[in-house]
Amino acid sequence: DKSAEKVQQFIDENPQLKIQLIHQENKGVSWARNVGLKLAKGEWIAFLDSDDVWLSHKTKVMMKVIAKNPEIDFLASFRNNEFIGFPYRYNNQNLTEITLRKFLIRYIGQTSTAIFRRKVLGNTGYFDENQRFAEDANYWLRISEKNKMFVLGETLVITGSGKKSFGESGLSGNLPAMEKGFQKNLKEMLHQKRISTIEYFFFYLFFKLKYIIRIIRARI
């Protein structure tokens, strides 16, 4: 799609922005993100996937929230005018905290909406490069162990031209593979003893039920 040429042209026209364009073999999204993470030098790190768009005020709004709440290590936002309710409750700043078990009940914080402190790389590491599906959920679960994570209940990103979260296109369109990714994440939490065996079986069945519902919705 000539995206590399367009980026290079933008770099040439805006040298003051110090944008770095990297060419590499396609080894999957996790590997690509890790390359970027290892090159990042700033205190705060954010992602933007190729089919997503940040609203023009996205960064300003999020940094303003962070300035008022210095305990935040990781902040995500809504996308595509979504609303995410139970098990999340929002305070008077429209913030809700992400915890391990709430996240297992309901995934929240799509990758292009997230921004987090550099210290996360030191206490969590990087994306699992062997995982191609639900890899962002895996990383968020691991981040939740040692960091304070929140979501701002405001749409600041348009993802996939406004398409549904699962079952329509892209990697998330492969529902069976996404289900395997979620189950892999769940087993990892069990092996790390962050959930009990009883919780594991509960969430295993819960994920299977959600998978069946997504299959039905994708066919309607």
Enumerate the calculated ³J(HN,Hα) couplings along the range 56-73 in order (Karplus 6.51 cos²θ - 1.76 cosθ + 1.60, θ = phi - 60°), each rounded to whole Hz, writing x wherever the residue is Gly or Pro. 4, 9, 4, 5, 4, 4, 5, 5, 5, 4, 5, 4, 7, 9, x, 6, 6, 9
If I model a spin label as a point 7 Å beyond the Cα along the Cα-Cβ vector, how far apart are those points for Asn92 and Glu25 in nm? 5.7 nm
Calculate, in nm to one decimal, what Lys208 and Ser3 gain on full extension: separation in residues at 0.36 nm each, minus their alpha carbon distance. 70.0 nm
Trypsin sites (Lys or Arg not before Pro) within the range 92-127: DSSP coil, no more than 16 neighbouring Cβ in 10 Å: Arg106, Arg118
Could you tell me how many cubic angstrom of Cα convex hull volume the chain has per residue? 139 Å³
Test item: Cα-centred dipole of the chain, Lys/Arg +1 and Asp/Glu -1 on Cβ, debye: 660 debye
From the phi angles alone, apply the Karplus equation (6.51, -1.76, 1.60; θ = phi - 60°) to the range 202-217 and give each ³J(HN,Hα) in whole Hz, x where the residue is Gly or Pro. 4, 5, 4, 5, 4, 5, 4, 5, 4, 4, 4, 4, 5, 4, 5, 5
Taking the chain and counting helices only, DSSP H stretches of n ≥ 4 at -39,500 (n - 2.57) each over all residues, the nearest-500 ellipticity at 222 nm comes to -13000 deg cm²/dmol
Over all distinct alpha-carbon pairs, what is the Kirkwood Rh of the range 113-155 in angstrom? 11.4 Å
So if each residue of separation counts as 0.36 nm, and I subtract the Cα-Cα distance between Arg106 and Lys193, what length gain in nm does that give? 29.3 nm
Cβ-Cβ cut-off under 14 Å around Asp128, Lys and Arg +1, Asp and Glu -1: the net charge is +3
To the nearest 10 degrees, the tilt of helix 3-13 (Cα long axis) against the first principal axis of the alpha carbons of the chain is 40 degrees
Subtracting the Cα-Cα distance of Ser50 and Asn80 from 0.36 nm times their residue separation yields 9.2 nm
So if we plug the beta-carbon distance of Asn14 and Asn123 into 1/(1 + (r/R0)^6) with R0 = 30 Å, what FRET efficiency do we get, rounded to 0.05? 0.30
Counting Lys and Arg as +1 and Asp and Glu as -1, what is the net charge of the other residues whose Cβ lies under 15 Å from the Cβ of His191? +1
Quick one: Karplus J couplings for the range 25-37, per residue in order, coefficients 6.51, -1.76, 1.60, θ = phi - 60°, nearest Hz, x for Gly and Pro? 5, 6, 10, x, 5, 5, 5, 5, 5, 5, 4, x, 4
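Rule-based calculations on the coordinates, nothing more; no lab input. Predicted model only: the values in this text are computed from it and were never measured. Every residue, glycine among them, receives a Cβ derived from its backbone with ideal geometry; neighbour counts consider all protein chains shown.
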